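Read-outs: derived from the displayed coordinates by stated rules, not from any lab. This structure is a prediction, so every number in the text was calculated from the model and none was measured. Neighbour counts run over all protein chains shown; Cβ positions are idealised from the backbone, glycine included.
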Amino acid sequence: MAARLPYLEREHVSAETQALYDGLQQSRGRVLNIWKLMAHHARSLSAFLAWYPKLAEGPLDLKLRQLAYVKVSQLNHCWYCTTHNTSLGHKVGVSAEKFSALPDYTKSPLFTSVERMVIRYAEEMTRKVQVEAGLVASLREALGTEALTQLTLTICAANFTNRFNEALGTELER
């Protein structure tokens, strides 16, 4: 699928957005296509870029974060987010085998009981929105309240980015 809006390159954005692009280029080595599409509503882009990185800060193990993000992205058929977040997951130590086993996580011996709960939580939040109270209580006991909140926000963000990218046809960067 081709992008349904043009990617806004640096020369086609305001000076304020150019500064954001410059910061992204400097810190990450590139400006991702998702951001080039968000730049059509620049006020949202700057707020998103201020908030989104905070989701990786806190007590939640980044491996759990990436397992949840990729599971959500798989469920939503968002190839863009699946690809980017699988890559991030590899960088924090999630094996390719675990990502490949996500569709059958309930049966795979690769996952710990906490990982299974995290993946189930991501699945329930994405498919049903309402989550079993017992699952929340178990996750709260296993992770603590701050990490559970961080996980919940991460799953919300994954659903947000998935829907944004799928609606607008965001393509992987070349």
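Looking only at the stretch 21-33, which residues are touching a helix residue (DSSP H, G or I) at 6+ places or on another chain (Cβ under 6 Å) and not hydroxyl-bearing (Ser, Thr, Tyr)?
Listed by number, the list holds a single entry, 31.
Looking at 146, 97, 123, which one is of a type in the set (D, E, K, R), under 21 Å from residue 74 (Cα atoms) and touching a residue at least 40 places away in the same chain (Cβ under 8 Å)?
123
Check residue 108 against each of (1) more than 22 Å from residue 37 (Cβ to Cβ); (2) surrounded by fewer than 18 Cβ atoms within 10 Å (Cβ to Cβ); (3) in contact (Cβ under 8 Å) with a residue 24 or more places away in the chain and name the one condition it does not meet.
Of everything listed in (1) more than 22 Å from residue 37 (Cβ to Cβ); (2) surrounded by fewer than 18 Cβ atoms within 10 Å (Cβ to Cβ); (3) in contact (Cβ under 8 Å) with a residue 24 or more places away in the chain, residue 108 misses just condition (3).
Which condition number does residue 44 fail, the rest of (1) within 24 Å of residue 169 (Cβ to Cβ); (2) free of Cβ contacts under 8 Å to residues at least 40 places away in the same chain; (3) outside any helix (DSSP H, G or I) being met?
(3)
What single numbered condition from (1) over 13 Å from residue 75 (Cα atoms); (2) among the small types (Gly, Ala, Ser); (3) not in a loop (DSSP other than H, G, I, E, B) fails to hold for residue 108?
Going through (1) over 13 Å from residue 75 (Cα atoms); (2) among the small types (Gly, Ala, Ser); (3) not in a loop (DSSP other than H, G, I, E, B) one by one, residue 108 breaks only (3).
For residues in the stretch 66-105 being crowded, with 20+ Cβ neighbours inside 10 Å and not in a helix (DSSP H, G or I), which is nearest to the chain's Cα centre (by Cα)?
Of everything passing the filter in the stretch 66-105, 78 is nearest to the chain's Cα centre (by Cα).
In this structure, is residue 166 of a type in the set (Asp, Glu), assigned to a helix (DSSP H, G or I) and under 30 Å from residue 2 (Cα atoms)?
It is true that residue 166 is of a type in the set (Asp, Glu), assigned to a helix (DSSP H, G or I) and under 30 Å from residue 2 (Cα atoms).
Of 10, 43, which residue is out of contact with any helix residue (DSSP H, G or I) (no Cβ under 8 Å at 6 or more places or on another chain) and either more than 24 Å from residue 129 (Cα to Cα) or among the polar types (S, T, N, Q) (or both)?
Being out of contact with any helix residue (DSSP H, G or I) (no Cβ under 8 Å at 6 or more places or on another chain) and either more than 24 Å from residue 129 (Cα to Cα) or among the polar types (S, T, N, Q) (or both) holds for just one of 10, 43, which is 43.
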